[in-house]
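I have placed the structure first, in the form of structure tokens, so that the comments after it can refer back to it.
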Amino acid sequence: MGLFSKKDKSPRPEPSAKRENIFDTDYPLDRSNWFQVFSACVGRSAAVQEAFAQLVVKNRNWYVDFTARTLSFGEDAYPVQFLGSESSVSNSWMWGWNNVNHFDESLLVLAEEIKRLGEQWQLEVFTTDCFALDDTFNGHNLAIAATGVSSRDYCYYRGPHENGNIFMAVEPGDPRVFAPVDIKAFIDWSLSAIQSFYIDHRIFIESFLMWNGTPFDRPADRRIIAHFDCDLLIDFEQAEEFERIKGFKTL
């Protein structure tokens, strides 16, 4: 499960103002490389998970009914998919598609999609049924990637239990959860993400802008101008094998 591959030097496509999942485009992303795939999922997840917590979860108690295929918060129930589980006993992750719990296949549609993408992309972490947990491969990061690569609008939720955590993908049924963010929220989430995760900043930013439907230009090799209500200049600098954000400036 190597984290890095050679940096792709091929020309990047011109951006579009249409909201897009980067994985549905021809963006030159190395999909066999976990580091790049994860970097492309973090921006969307940061914005969506915060909205999900505020608009849907609202600090209410949770209850999952795998027979009914629902996750409930208070009196409100939502369709759910089982992603996988963390074991605190063995310190390991197991993908839901392994199906040791003998769930109905309808609970594992997303998990099976992840496995198929892993086989197609030769991304080992998506096709290995069980492996040790660490700072890179853990339930939160795997759920960020699983919900990020899907073409459907999913959030994820961690459900703690006596021997670990279960991770589920949820369809919240509220379009506000997936609404675009404004320039302030974009900067705030970007700064938070690059402080919290080891990611490729260029892939992170461009994927986040594409998901947000924010058109952007590349006036220079290490600059992006994103067109919110006012323009946002994002400067990059070279760091190791990726470009790191140097600063933000409104124009």
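Structure data summary
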item	result
Filter pass, I144 being in the same structural domain as L71 (by TED's automatic domain parsing) and either hydrophobic (A, V, I, L, M, F, W, C) or assigned to a strand (DSSP E or B) (or both)	yes
When residues of the range 74-118 are limited to those that are touching a Gly at 6+ places or on another chain (Cβ under 8 Å) and among the hydroxyl-bearing types (S, T, Y), the one farthest from T147 (Cα to Cα)	S88
V37, sole failed condition from (1) buried (at least 23 other Cβ atoms within 10 Å of the Cβ); (2) touching a strand residue (DSSP E or B) at 6+ places or on another chain (Cβ under 6 Å)	(2)
Some residue of the range 61-83 being in contact (Cβ under 8 Å) with a residue 60 or more places away in the chain and polar (S, T, N, Q)	yes
Residues located in the range 39-64, provided they are on the phi < 0 side of the Ramachandran plot and either touching a Leu at 6+ places or on another chain (Cβ under 9 Å) or of a type in the set (S, T, N, Q) (or both)	S39, A40, G43, S45, Q49, Q54, N61, W62, Y63, V64
Pairs, first closer than 25 Å to Y27 by Cα in the range 140-162, second assigned to a loop (DSSP other than H, G, I, E, B), C-beta under 7 Å, six or more apart	T147/Y154; S151/N21; D153/E171; Y154/E171; C155/P172
Filter pass, I166 being farther than 17 Å from A40 by Cβ and either of a type in the set (D, E) or in contact with a Lys or Arg (Cβ under 8 Å, 6 or more places away or on another chain) (or both)	yes
Test: residue in the range 116-136 that is touching a strand residue (DSSP E or B) at 6+ places or on another chain (Cβ under 6 Å), closer than 22 Å to S32 by Cβ, in a helix (DSSP H, G or I) and among the hydrophobic types (A, V, I, L, M, F, W, C)	no
Residue ID - nearest to S39 (Cα to Cα), chosen from residues in the range 137-162 that are surrounded by fewer than 17 Cβ atoms within 10 Å (Cβ to Cβ) and in contact with a strand residue (DSSP E or B) (Cβ under 6 Å, 6 or more places away or on another chain)	R158
Pair list, Cβ under 8 Å, 6 or more apart: the range 85-101 residue within 18 Å of Y156 (Cβ to Cβ) and in a strand (DSSP E or B), other residue among the hydrophobic types (A, V, I, L, M, F, W, C) and modelled with pLDDT under 95	M94/V100
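The values are calculated or read from the model by the stated rules, or taken from the named source; none is laboratory data. Given the structure is predicted, the values throughout are model-derived calculations rather than measurements. Because the Cβ atoms are built from the backbone with ideal geometry, glycine has one as well, and the counts that use them run over all protein chains shown.
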